[in-house]
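The values are calculated or read from the model by the stated rules, or taken from the named source; none is laboratory data. All figures in this text were calculated on a predicted structure; none of them were measured in a lab. A quick note on method: Cβ atoms are made from the backbone with ideal geometry, for glycine too, and the neighbour counts reach across all protein chains shown. Remember, those area values only see protein heavy atoms, side chains included, never the ligands or the DNA or RNA. Shrake-Rupley method; radii C 1.70, N 1.55, O 1.52, S 1.80 Å.
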Amino acid sequence: MPQQPRRLLIAALFLLVASWAAWPVLEAGFHGAEVGLLERARASRSLIDPEIAQGHLLASLDLAATAGRVPAVVARLESYFWLLLAALALGRCARRLLLPWSGGELARAAGWASSLVFALHPVAFAAVASVTARADLMALCFSTGSLWAYLHARQQRSSGILAIAALCAVLAGLSSDLALSLPAWLAAAEFLSANRQRSAATRGRSALAVAAVSLACVLFDTWIRSLALDELSPPQAVRALGSAQGAAALFERLGSILFPVNVHVLGALGFALAGLLALAALQPILVAARSAPRLWGRILGLWALALLLAELVGRGVRVQPTDLRDAEALLLSAAVLSVGLGLGSVAMSGVRRVVTPLVLALGLGVLSHFAGIAHRSAGVELADLQRALAELPEGDAWIVDSPEVVLGVRCAEGALAATTAAGAELARVDSESLVLQACDGRLERARAEGLGLLLRGSAGWRARAVSAPSSVPLPAPWFRDGISPALELDPLAAGALVVRGAVGCDTSAPPQLAWRAAGSSEGEDGRIAGVWSYLGEAPEAVFDLRSEPEWLAAGRVGQVWSAAGWSRIAQAEFAPELPEPLLQGGIELAEVAPNQRQFLVRIPSGLSEAEDPRSSWRLRVACEDGSVLRIAGEREGEGPVRFPAPSRALGRTAQLEHTVDGVAIERRAVSLPQP
């Protein structure tokens, strides 16, 4: 095929694949960290604020423009524009770097292949999906532009273009700390590809001079920021030196760019596809190395060193297939990897030089498309949460099981301040903490001052205003039918429902309770699973109402009935709390080994739960950091129940629960002995 039609065909295919790959990311709304950053940018009165874009002037100006209520899709399109520019400049750099080593044809092919690979790499789209990472995209664009301009000027002996290289270096420094690696890249380019005919000593001196000049250009941003703040303000990357998390994190990060798979979306299929793509890109190098081992050995060695350098100047955060919140931190490494994969895909001549890069680009486009689905889902989830929050009346609110992370990417993390109504206090609690607060009375005290709960149901987030305390007593027991009379029940006043089944009722399946709120005449608002705690002639079922967040936020309950398993009953009765288990004394703390302690709970003899193999014991313990632990206990024969004491700092009280098939049938507040 002639060259011009082939280029047009490749461009058309790229636009098609890139549009499909980018579509989920372009549809993604802002996530929590972006919302918080844009709110700070709107409130800031300074163009140079260390808390915004790390105080970089150019990135701050760009962010200030975005903070002016720009829709998320517009922000994504701007980031995508910077990505395409960076990919184009990266390909030009690759061509210039390889030209003295491999000749014109291979260098040109490697250049356009590198651009294709980087423009469709999932890590690049992770940067597009984050306004906070746009500064890095800008810095990468200007850095690669500076590197290309410098090599072009040196190889073509065109000194006028050196001014463009210097200007791009200054702009890169004004954008992000990612530009701090530029002097090393320019020095390496001067030594390796500017003029290879000179001696190594001469090239070394020139490389040091280039590094010094380019470092001065990059640090122009530091000078501007220090003048504006009236104090020395070095780049944050310099202040964070030594924060990398070791070799394990390094290999995790390298694996995440070579196998850029969101395991929550694609699973094992994604790793299979990524492995095939890596093999398709690197296999041609191994074949070509047999005919020119010295050349390709040097190229592979330099590529490995470049990857290591990119990682050393990175942020040192951990990135794993299950946790991609900081995937954009791998942007520089992904760019270096893309050059290597692009070069490998064109190492063989003939048709494979065209087909292999296209196959590689198509595969990366597939991975990027499905990775983008996670960002879109996170944006939808946060928008739904904000909608539900807006429906709450003014007052304090608790988000139950806040979606900090959705499908491995950020969602509500960092959005608290932006979604809090004026004068209201917004807190995050998990389901375990809510249950514990319902058991120890803190929820009762909080609702007396007005409290709203945000809960995630099958239909999305719902806002529930917790009703004020009721003076109406608990309803009387009812008989025979598994459906209650009309109620006006305060859900916090009823901690349990005890059902005594009729003789001969079926106890083979767990009983289920359905309920609807007062004022509703049909349908159901929730279900609660119970357990048959006694299986004799008069079986007894227990429903632990305290452990269901939906029930706690029900307002007023209008009716309950049997959804399964207890339509024929002898009696059903609400109780304020679950019954308390009988204990011999309080909880003891015993040291069973050095630095290993256990909590001991002694049960009176003759009450052993060993008679029922379904029963067990557990502790719900609040930690000083606000989290809640469930600690399972073990008991041998008539001995005490033993709970391993965690090393974390614990509160002074806990809830001891006796459970059957995981459902609490007895509960008691206990004091924890302190070491």
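Report whether or not ALA89 is open to solvent by less than 20 Å² (accessible area, probe 1.4 Å) and over 18 Å from LEU182 (Cα atoms). If you could, list the steps in order and put the result at the bottom.
On the way: open to solvent by less than 20 Å² (accessible area, probe 1.4 Å): yes; over 18 Å from LEU182 (Cα atoms): no.
Here the answer is no, as ALA89 does not meet what is asked.
Name the residues in segment 123-144 that are of a type in the set (Ser, Thr, Tyr) and open to solvent by less than 20 Å² (accessible area, probe 1.4 Å), would you? Step through it out loud before you land on a result.
If we filter segment 123-144 for residues that are of a type in the set (Ser, Thr, Tyr), which is where we start, we get 130, 132, 143-144.
Answer for segment 123-144, where residues must be of a type in the set (Ser, Thr, Tyr) and open to solvent by less than 20 Å² (accessible area, probe 1.4 Å): SER130, SER143, THR144.
Of all the residues that make up segment 42-68, how many are of a type in the set (D, E, K, R) and more than 17 Å from LEU227 (Cα to Cα)? Please lay out each step first, then the result.
Residues of segment 42-68 that are of a type in the set (D, E, K, R), as a first pass: 42, 45, 49, 51, 62.
Going one step further and asking which of them are more than 17 Å from LEU227 (Cα to Cα), we end up with 42, 62.
Of the residues in that region, 2 qualify.
Here is a yes/no grid of residues against (1) without any contact (Cβ under 8 Å) to a residue 24 or more places away in the chain; (2) in contact with a Lys or Arg (Cβ under 9 Å, 6 or more places away or on another chain); (3) crowded, with 19+ Cβ neighbours inside 10 Å:
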{"position": "ARG45", "(1), (2), (3)": "yes, no, no"}
{"position": "HIS56", "(1), (2), (3)": "no, yes, yes"}
{"position": "LEU61", "(1), (2), (3)": "yes, no, no"}
{"position": "PRO71", "(1), (2), (3)": "yes, no, no"}
{"position": "LEU77", "(1), (2), (3)": "no, no, no"}
{"position": "LEU85", "(1), (2), (3)": "no, no, no"}
{"position": "LEU106", "(1), (2), (3)": "no, yes, yes"}
{"position": "HIS121", "(1), (2), (3)": "no, no, yes"}
{"position": "SER146", "(1), (2), (3)": "no, no, yes"}
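Considering only residues that are in a strand (DSSP E or B) and acidic (Asp, Glu), look in segment 633-672 and name the one that is nearest to the chain's Cα centre (by Cα). Spell out the reasoning first.
First, pick out the residues of segment 633-672 that are in a strand (DSSP E or B): 634, 641-644, 650-660, 663-671.
Those still in the list that are acidic (Asp, Glu) too: 634, 657, 666.
Working: GLU634: 35, GLU657: 33, GLU666: 37 Å.
Looking at residues that are in a strand (DSSP E or B) and acidic (Asp, Glu), I get GLU657.
Report yes if some residue within segment 317-325 is under 28 Å from ALA268 (Cα atoms), without any contact (Cβ under 8 Å) to a residue 12 or more places away in the chain and either in a helix (DSSP H, G or I) or hydroxyl-bearing (Ser, Thr, Tyr) (or both); otherwise report no.
Filtering segment 317-325 for residues under 28 Å from ALA268 (Cα atoms) gives 317-325.
Among the residues that remain, those that are also without any contact (Cβ under 8 Å) to a residue 12 or more places away in the chain are: none.
There is no residue in segment 317-325 that is under 28 Å from ALA268 (Cα atoms), without any contact (Cβ under 8 Å) to a residue 12 or more places away in the chain and either in a helix (DSSP H, G or I) or hydroxyl-bearing (Ser, Thr, Tyr) (or both).
Could you give me the residue pairs with C-beta distances under 6 Å whose first residue belongs to segment 176-204 and is more than 17 Å from LEU305 (Cα to Cα), whose second residue is open to solvent by less than 10 Å² (accessible area, probe 1.4 Å) and of a type in the set (Lys, Arg) wherever it lies, and which are 6+ apart or on separate chains?
From residues that are more than 17 Å from LEU305 (Cα to Cα), there are no pairs.
Take the conditions in a helix (DSSP H, G or I), touching a Cys at 6+ places or on another chain (Cβ under 6 Å) and closer than 28 Å to LEU57 by Cα and apply them to ALA139. Does it pass?
On the way: in a helix (DSSP H, G or I): yes; touching a Cys at 6+ places or on another chain (Cβ under 6 Å): no; closer than 28 Å to LEU57 by Cα: yes.
For ALA139, the condition - in a helix (DSSP H, G or I), touching a Cys at 6+ places or on another chain (Cβ under 6 Å) and closer than 28 Å to LEU57 by Cα - is not met.
Would you pick out the residues in segment 154-165 that are open to solvent by less than 40 Å² (accessible area, probe 1.4 Å) and modelled with pLDDT of 90 or more?
Correct list: ALA165 only.
Can you report the number of residues in segment 270-303 which are under 17 Å from ALA189 (Cβ atoms) and either out of contact with any helix residue (DSSP H, G or I) (no Cβ under 6 Å at 6 or more places or on another chain) or aliphatic (A, V, I, L, M) (or both)?
Result for segment 270-303: 4.
Show the residue pairs that are 6+ apart or on different chains and have beta-carbon atoms under 9 Å apart, the first residue being within segment 1-29 and at pLDDT below 80, the second being open to solvent by less than 30 Å² (accessible area, probe 1.4 Å) and in a helix (DSSP H, G or I).
Here the result reads ILE10/LEU116; ILE10/PRO357, each pair linking segment 1-29 to a residue that is open to solvent by less than 30 Å² (accessible area, probe 1.4 Å) and in a helix (DSSP H, G or I).
Within segment 117-148, how many residues are of a type outside the set (Val, Ile, Thr) and farther than 15 Å from GLY365 by Cβ?
As a first pass, look at segment 117-148 and keep what is of a type outside the set (Val, Ile, Thr): 118-122, 124-127, 129-130, 133-143, 145-148.
After this cut, where a residue has to be farther than 15 Å from GLY365 by Cβ as well, the list is 127, 129-130, 133-143, 145-148.
Final tally of qualifying residues: 18.
So the check is Cβ under 6 Å with 6+ separation or different chains; which pairs have a first residue in segment 649-675 that's under 11 Å from GLY586 (Cβ atoms) and touching a residue at least 60 places away in the same chain (Cβ under 8 Å) and a second one that's among the aliphatic types (A, V, I, L, M) and open to solvent by 30 Å² or more (accessible area, probe 1.4 Å)?
Between residues of segment 649-675 that are under 11 Å from GLY586 (Cβ atoms) and touching a residue at least 60 places away in the same chain (Cβ under 8 Å) and residues that are among the aliphatic types (A, V, I, L, M) and open to solvent by 30 Å² or more (accessible area, probe 1.4 Å), the close pairs are PRO673/LEU589.
Which one is farthest from ALA476 (Cα to Cα) among residues in segment 546-563 that are assigned to a loop (DSSP other than H, G, I, E, B) and not charged (D, E, K, R)? Before the answer, list the steps.
From segment 546-563, those assigned to a loop (DSSP other than H, G, I, E, B) are 548, 553-556; that's our starting set.
From the residues that got through so far, the ones that are not charged (D, E, K, R) too are 553-555.
Values: ALA553: 23, ALA554: 20, GLY555: 20 Å.
The residue in question is ALA553.
For (1) farther than 26 Å from PRO511 by Cβ; (2) of a type in the set (A, V, I, L, M, F, W, C), each residue gets a yes or a no:
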{"position": "SER431", "(1), (2)": "no, no"}
{"position": "GLN437", "(1), (2)": "yes, no"}
{"position": "GLY441", "(1), (2)": "yes, no"}
{"position": "GLY450", "(1), (2)": "yes, no"}
{"position": "ALA463", "(1), (2)": "yes, yes"}
{"position": "GLY482", "(1), (2)": "no, no"}
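If you scan segment 247-279, which residues turn out to be more than 20 Å from the chain's Cα centre (by Cα) and open to solvent by less than 40 Å² (accessible area, probe 1.4 Å)?
Of segment 247-279, the ones more than 20 Å from the chain's Cα centre (by Cα) are 247, 269, 272-279.
Selection gives ALA274, GLY275, LEU277, ALA278.
Quick test of your reading of the structure: TRP23 fulfils all but one of (1) farther than 16 Å from PHE125 by Cα; (2) open to solvent by 60 Å² or more (accessible area, probe 1.4 Å). Name the failing condition by number.
The failed condition is (1).
Confirm whether TRP566 is closer than 18 Å to PRO485 by Cβ, open to solvent by less than 30 Å² (accessible area, probe 1.4 Å), at pLDDT 85 or above and part of a loop (DSSP other than H, G, I, E, B). Working first, answer last.
Values: closer than 18 Å to PRO485 by Cβ: yes; open to solvent by less than 30 Å² (accessible area, probe 1.4 Å): yes; at pLDDT 85 or above: yes; part of a loop (DSSP other than H, G, I, E, B): yes.
Yes; evaluated as a whole, the condition is true for this residue.
Listed residues SER671, SER647; which is out of contact with any Phe, Trp or Tyr (no Cβ under 6 Å at 6 or more places or on another chain), open to solvent by 70 Å² or more (accessible area, probe 1.4 Å) and over 21 Å from CYS439 (Cα atoms)?
Values: SER671 fails: over 21 Å from CYS439 (Cα atoms).
Going through SER671, SER647 in turn, just one is out of contact with any Phe, Trp or Tyr (no Cβ under 6 Å at 6 or more places or on another chain), open to solvent by 70 Å² or more (accessible area, probe 1.4 Å) and over 21 Å from CYS439 (Cα atoms): SER647.
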